[in-house]
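As structure tokens, the structure follows; a few thoughts come after it.
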Amino acid sequence: MDPAAFYNKPETTDEFLDFYKRLGNKNAAPLWESLAELVPVVPRPRSVPTIWRYEELRPFVMESGKLITAKDAERRVLILENPGVRGSGQVTDTLYAGLQLILPGEIAPTHRHTASALRFIIEGNGAYTAVDGERTTMHPGDFILTPSWTYHDHGNPSDSPTIWMDGLDIPLVNLFNTGFAEHYPQPVQPVSKKEGDAWTRYGGSLMPIEYTHPRKSSPVFNYPYARTRETLCQLYSNGPLHHCHGIKMQYINPATGGYPMPAIGAFVQLLPSGFRGDNYRSTDATVFCVVEGQGQTRIGNATLEWKQHDIFVAPSWYAISHEAQSESVLFSFSDRPIQKVLGIWREEVPIVSM
Ligand SMILES: [Fe+2]
């Protein structure tokens, strides 16, 4: 609906302007002048459909490795900044994303912060992320969490660079003015658990007896791609396909069945070769990372052609439809969980006639 047809905005005469000026001196303003922006008829995201092509960005990532060490940078990351919100450090109106590099022999020192983070591994084998005393080796396609206020560090004992996409709820945390951060006393936190302990303890459809979950994020902090890919492969052979999403699954917190983090949901989908999806839209602006394959996604009036490792964004309430030229896997994340907590999440799925 046209906002102009919904809201009646009065003609602004000199009398009005004089009133606004005197009102402004008292730190007040007339609602009727900004009602269409403050209470929109439909979402009005500032972020715009955007794609970051990995083959264009990777040279910059590697160049950053010559400029500064991971230790000196604290985190050597290139922010993926949406051109609609330039200068904000945001990939969407509510989320942050970046590309992080850790070179062989480097460490990124141990710290913690109130923002929750995900890592989606793009390249490299043998680097690790440690969370609360457990290290996990990062492989391409792995989805790794560092929940709010957990100590985490990264290290790369392998002989190849490791690059991953970071996704954080930094803009939300800062909107609430709840940002805190601190260092661990040593750069590398001590290892107190065997690798794979969290997955074995919580990720295999078993739980410690009478387990009560102490925090809001998943107790599993690495969801290995090998398992995810196997699931997608099996479900593709089982069918059916969703007419918008192909085979689409969401990562869960096994202790609750809910999302892995309180504000960020994460998803993975398989699009068969030749798939042409119907339009879909939802209020959670979504960041996609191409794990495998090649295709294109129409977002509003923009058509973004993508291939492996590219990252693209669909802002809130834009109609999106995917096409795959070859069998493709897309990872994605959004702020869907927090929208659901607030009771404001919406989606629009076209009805298919049978
Ligand atoms: Fe961090």
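Using a 1.4 angstrom probe with every protein chain in place, what is the largest-first accessible-area order of ARG135, ARG201?
The most accessible residue leads, giving ARG201, ARG135.
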Within the accessible area of region 105-175 (1.4 Å probe), percent carbon and sulfur: 56
For all pairs of alpha-carbon atoms in region 138-224, what percent lies in each bin of width 10 Å, listed from the first bin to the last filled one? 12, 38, 37, 13, 0
Give the Debye-formula value of log10 I(q)/I(0) at each listed q (0.13, 0.14, 0.17 Å⁻¹), with one equal scatterer per alpha carbon of region 1-128, two decimals each. -0.74, -0.79, -0.99
Which angle from 0 to 90°, rounded to the nearest 10, does the C-alpha axis of helix 14-24 make with the longest principal axis of the chain? 40
Cα centroids of region 46-91 and region 177-238: how far apart, whole angstrom? 26
What's the angle, to the nearest 10 degrees (0 to 90), between helix 225-238's Cα axis and the longest principal axis of the chain? 70
Just check region 254-315 against the gyration tensor rule for me: Cα atoms, a ≥ b ≥ c as the square roots of the eigenvalues, rounded for a/c under 1.5, and otherwise prolate or oblate depending on whether a/b exceeds b/c. prolate
Calculate for the chain the 222 nm mean residue ellipticity that helices alone would give, adding -39,500 (n - 2.57) per DSSP H run of length 4 or more and normalising by residue count, nearest 500 deg cm²/dmol. -5000 deg cm²/dmol
In Å, the Kirkwood hydrodynamic radius of region 63-135 over pairs of distinct alpha carbons? 13.9
Measuring from label point to label point, each 7 Å out along Cα→Cβ, what is the ASN174 to GLU63 span in nm? 2.4
Accessible area per residue for the chain in Å², computed with a 1.4 Å probe and the full protein assembly in place, what is it? 51
Report, please, the projected area of region 217-295 averaged over directions, based on the convex hull of its C-alpha atoms, in nm². 6.1
For the chain, state the semi-axes of the equivalent ellipsoid (square roots of 5 times the eigenvalues of the alpha-carbon gyration tensor), sorted largest first and rounded to whole angstrom. 36, 27, 21
May I ask for the Kirkwood hydrodynamic radius of region 166-323, worked out over all distinct Cα pairs and given in angstroms to one decimal? 18.4
If the cut-off is 29 Å between C-alpha atoms, which lysines fall inside it for LYS26, apart from same-chain ones fewer than 8 positions away? LYS9
In Hz, Karplus ³J(HN,Hα) per residue of region 105-116 (6.51, -1.76, 1.60; θ = phi - 60°; x = Gly, Pro): x, 8, 10, 10, x, 6, 8, 8, 8, 6, 5, 8
By the gyration tensor of its Cα atoms, with a ≥ b ≥ c the square roots of the eigenvalues, what is the shape of region 55-209: rounded for a/c under 1.5, prolate for a/b over b/c, or oblate? oblate
Loop-resident sites, region 85-134, for trypsin sites (Lys or Arg not before Pro), counting at most 13 other Cβ within 10 Å (DSSP): ARG86
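So if I take the alpha carbon set of region 184-256, get Rg, then get Rh from the Kirkwood formula, what is the Rg over Rh ratio?
1.09
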What does the convex hull of the Cα atoms of region 241-354 come to per residue, in Å³, rounded to a whole number? 109
List every residue whose amide H lies under 5 Å from the amide H of ALA117, counting only residues 5 or more places away in sequence or on a different chain, with H placed 1.01 Å from N in the peptide plane. THR146, SER148
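Between rounded, prolate and oblate, where does region 106-178 land on the alpha carbon gyration tensor, with a ≥ b ≥ c its root eigenvalues, rounded for a/c under 1.5, else prolate if a/b exceeds b/c?
Here region 106-178 falls in the prolate category.
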If DNA, RNA and ligands are ignored and the probe is 1.4 Å, what is the ranking of GLU11, GLU347, GLU195 by accessible area, most exposed first? GLU11, GLU195, GLU347
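The values are calculated or read from the model by the stated rules, or taken from the named source; none is laboratory data. Owing to the predicted nature of the structure, the values given are computational and were not obtained by experimental measurement. Methodologically, a virtual Cβ is constructed for each residue, glycine included, from the backbone with ideal geometry; neighbour enumeration extends over all protein chains shown. Just so you know, the surface numbers come from the protein's heavy atoms only, side chains and all, with ligands and any DNA or RNA stripped out. Shrake-Rupley method; radii C 1.70, N 1.55, O 1.52, S 1.80 Å.
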